[in-house]
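Here, each number is a calculation from the coordinates, and none is a lab measurement. Quick caveat, the model's predicted, so the values are computed rather than measured. Glycine also receives a Cβ, built like all others from the backbone with ideal geometry; neighbour counts cover every protein chain displayed.
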Amino acid sequence: MSEQRPSPALHVELVTLFPELFDSFLSTSLLGKAVEAGLVAVDRTNPRDFAKGRHKNVDDTSYGGGPGMVMRPEPIAAAIDDLEAKRGRTFRVFLSPSGTLLSQPLATELCNRGRVLLVCGRYEGYDDRVCAAYADQVISVGDYVLAGGEIAAAVVIEAMARLVPGVLGCSASTVDESFSAGRLEYPQYTKPPEWKDLAVPDVLLSGDHKAIERWRRREALRRTMARRPDLLTAHPLTEEERRLLDDE
């Protein structure tokens, strides 16, 4: 009798016209190990399998004119209905440049839901009626346009999966990294101590853990101010952080 694995902590459903694009992604590195260990599960459903007619068309011209084709609503809806009939209701996320921007807190929120459906658009996107009827949330991975939602879905999957306990080798890895507290991460260094006339900061070699912690916090603030000042608008400096910056 084979041993039955527990349910995965994160179960992702994908609706995509190109499920094969995820083969290497889901079998490589930490994510591949997480899938193999049963910590993360990803099922893929192709809406073309639910398209009507001899040619299985999933797209058509846009009402009102314009370039490109639009994904029809029926195959997407049928794909969602079918997978949820088999495995239960999910939190449905449609991927679109017009959606809410993905952030670390949003990735955490999605991961904590346990079961998430990601719908990948193609061509000029999908008929907005299927989004209105089915989407619980619409998410964008950035202010740019991709050829399809598959790469965006991969970004969302990795952002969620690395938050699942046991996926990363060290659970503390997700605590101090960029965006976890509205700040970029501090600079990181490893061996050798000097490379191309560039030396590792002395404080990191000192063994003084309190001094190292203060240096890291100060450098994280400096990097955030220089590279992403918009984060300080959303998360203003605290009095403690101001004192830290003043205490050179």
Problem - Euclidean distance of C-alpha centroids, region 95-130 and region 1-63, integer Å - result: 15 Å
Completion exercise
Output ordering of 156-163, 55-62 (per-residue mean of other Cβ within 10 Å, highest first) is 156-163, 55-62
Exercise for the section: Tell me the trypsin sites (Lys or Arg not before Pro) within region 177-225 that lie in a loop according to DSSP and have at most 16 other beta-carbon atoms within 10 Å. Expected result: Lys196
Problem - Kirkwood Rh (inverse of mean 1/r, distinct Cα pairs), the chain, angstrom - result: 20.9 Å
Completion exercise
The long-range amide H neighbours of Leu118, using H built 1.01 Å from N in the peptide plane and a cut-off of under 5 Å, are Glu13, Leu14, Val15, Val93
Completion exercise
Net charge near Gly66 (other residues with Cβ under 13 Å of its Cβ; Lys, Arg +1; Asp, Glu -1) is -2
Completion exercise
For region 1-75, shape from the Cα gyration tensor axes a ≥ b ≥ c, cut at a/c of 1.5 then a/b versus b/c, turns out prolate
Handout entry: DSSP beta bridges in the chain [antiparallel fraction, %, rounded to 5]
Key = 20 percent
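Could you work out the helix-only [θ] at 222 nm for the chain, with each DSSP H run of four or more residues adding -39,500 (n - 2.57) and the total divided by the number of residues, to the nearest 500 deg cm²/dmol? Let's see the in-between values first.
Numbers: 8 runs with 86 residues, N = 248.
Helix contribution divided over all residues of the chain: -10500 deg cm²/dmol.
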Completion exercise
Residue-ordered couplings for region 101-106, obtained by feeding phi - 60° into the Karplus form 6.51 cos²θ - 1.76 cosθ + 1.60 and rounding to whole Hz (Gly and Pro as x), are 5, 5, 9, 4, x, 5
